[in-house]
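Inspection log for the structure reproduced underneath, given as structure tokens.
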Amino acid sequence: MDHRDASTLRTIAATLLLLTCLLAPAYAEEKSGEIQIQEEIWALPLPLPMFAYVVRPVGDSPFPLAIMNHGVSLKPVDRSFFPLVEFRDAAKWFAKRGYFVVAPVGSGYGAAAIDIPEHGLYGPFFAKVGNCTNPNFRDAGRALALADLWIIDYMIAEKRVLPKDVIVVGQSAGGWASIALSSVNPPQVRAIITFAAGRGGRVDGKPNNNCAPDRLVEATADFGRTSRVPMLWFYIENDTFFGPALSKRMLEAFTAAGGKAEYHLMPPFGNEGHFFVGSPDTIPMWSPLVEKFLDAQK
């Protein structure tokens, strides 16, 4: 082992220790009568190794699998905490309903060395879509969708999850990747749920300033041409990344092309609706719609 490997292992160990400390209070939050859940950090030995936040029911496997794809923070300092500070409560909600939740963490490990512009891979988080004059929204979505397929195959091979009972949930860029995933119709995936899905929002940090809205709509239509997975789309009235006018254009393009999506525009949330799913206060708003949608897919 050279000094670089040793340094990497020390960094990973320190990161896991920090994340374990962040997760430790979860056990105290359980209430009697609820499904007991356990939070963990996993290192997934995928073709592109990555960490994952895992929250699962306590007990014997297999369980239905829920993959949760997070977004990309505009602030680099926030990224090392994804997805714990983004949708931890939502992930726990799914776990308490029997799902084995795996949320791949967009850390720099492994992905930091990847830079393949022609496939939408730019360093950690698969974040960049290229220049706004010619953004590559499609491949940026397909890159993370491929990671989801790796996770599904790995979890099934490990006999941790049911092979035909997978749902995928995504927020923002993670929601966009989930739409991209729907275009390849994985046979294991029975439903996909997105919150504020899209790419290219708030260029230079400016509200309602999308990188290339027409190109985003075109890419949405492209995914819709082959997508047949039932989908549930949530957008929020005061989302300044992907506002109602843009999200409705995306829906129209997607469904006109042949995709299947149930759309809900939720009322304004706080000062910025884009982070709607990250608040425990919104669970009573979206959870009945999610339960009804998932029940219809059984």
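Only the coordinates and a few stated rules stand behind these numbers; no lab work does. For clarity, every value in this text was computed on a predicted model and none was experimentally measured. Every residue, glycine among them, receives a Cβ derived from its backbone with ideal geometry; neighbour counts consider all protein chains shown.
When the alpha carbon coordinates of the stretch 170-232 are projected onto the principal axes, the ranges are 39, 20, 13 Å, largest first. Dipole magnitude for the stretch 144-271: about 160 debye, using +1 per Lys or Arg Cβ and -1 per Asp or Glu Cβ, origin at the Cα centre.
With only Cα atoms counted, the stretch 215-275 has Rg and Dmax values of 11.9, 36 Å. Along its first, second and third principal axes, ordered by size, the stretch 159-298 spans 44, 34, 25 Å in Cα coordinates. The phi-based Karplus calculation (6.51 cos²θ - 1.76 cosθ + 1.60; θ = phi - 60°) puts the 3J(HN,Hα) values of the stretch 56-64 at 9, x, 6, x, 6, 7, x, 10, x Hz, whole numbers, x for Gly and Pro. Packing, as the average of other Cβ atoms within 10 Å across residues, places the peptides 264-271, 38-45, 176-183 in the order 176-183, 38-45, 264-271, highest first.
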